[in-house]
Each structure stands twice: as C-alpha cells, then as structure tokens.
Amino acid sequence: MLLEGRTYQHLTDAVGPGEKSAHVVSFLQSEEVITIAPRLFLNLQDGWHHTVIDLPEGRWRQEFEDQVFGSGLYQMGDVLHTFPVGLLSKLE
C-alpha cells in the first residue's frame, strides 16, 4: 500500500493566532509534506484576518504557487495567496 509506513501529524498548534484559525486544517506527512486546507470557506470571503501558520524546520515549496518558504511564522494569506489549498514539499 502506498501510504503504509507514513506518519501524519495534525498541525493544530502550528495554526494561530488569528480570528480565522478555526477555518484551516493542516497536516504534516512523514516530515516531508504539509497539506493545508480551508474549512467553512464561505466565512473566509473577507480574508484570513492575520491568521498565521508556523512552518516546521526546513525550506518548503508551495507546489501550487511555486513559492518557497523557510521555517517560522507566515501569514496564511501569503501561503495561500493565489490558490485556496496548500501543498508544501520539503526541499531540504
């Protein structure tokens, strides 16, 4: 099975603070891939309101937007700038 042996960590503590932090679900898969998905999307029409995500150690490429981020805090609106879902792969 393709997913056998993979670990998944919910990044609950990595999202926040921010008025819209309850509107995002994010997971780290085997320390290599981060998936970010909005929820309750209709309530996000006016933006993320300073909601941030704390990316783990390393350099991460947002595959849908071809942006590269380092570790640390980033505004959710910057990570999900042009596409509403994030798929970040670890470069190092």
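Throughout, read-outs are computed from the coordinates displayed, never taken from laboratory work. What you see is a predicted model; the values in this text were computed from it and never measured. Heads up, the Cβs are rebuilt from the backbone with ideal geometry, glycines too, and the neighbour counts pull from every protein chain shown.
Worth a mention:
- Shape call, the chain: gyration tensor on alpha carbons, a/c limit 1.5: prolate
- Derived scalar couplings between HN and Hα for region 74-90 equal 9, 5, 4, x, 7, 6, 10, 5, 10, 10, x, 10, x, 9, 9, 10, 6 Hz in order, rounded to whole Hz, by the Karplus curve 6.51 cos²θ - 1.76 cosθ + 1.60 (θ = phi - 60°), x for Gly and Pro.
- Estimated vicinal HN-Hα couplings, Hz - region 51-68 in sequence order (Karplus 6.51, -1.76, 1.60; Gly, Pro = x): 6, 10, 10, 9, 6, x, 3, x, 10, 10, 9, 7, 4, 7, 10, 6, 10, 10
- For PHE41, PHE69, the sequence from fewest to most other C-beta atoms within 10 Å is PHE41, PHE69.
- The helix-only estimate of mean residue ellipticity at 222 nm for the chain, built from DSSP H runs of length n ≥ 4 each weighted as -39500 (n - 2.57), is -500 deg cm²/dmol after division by the residue total.
- Dipole size of region 8-90 about its Cα centre, with +1 on Lys/Arg Cβ and -1 on Asp/Glu Cβ: approximately 100 debye, rounded to the nearest 20.
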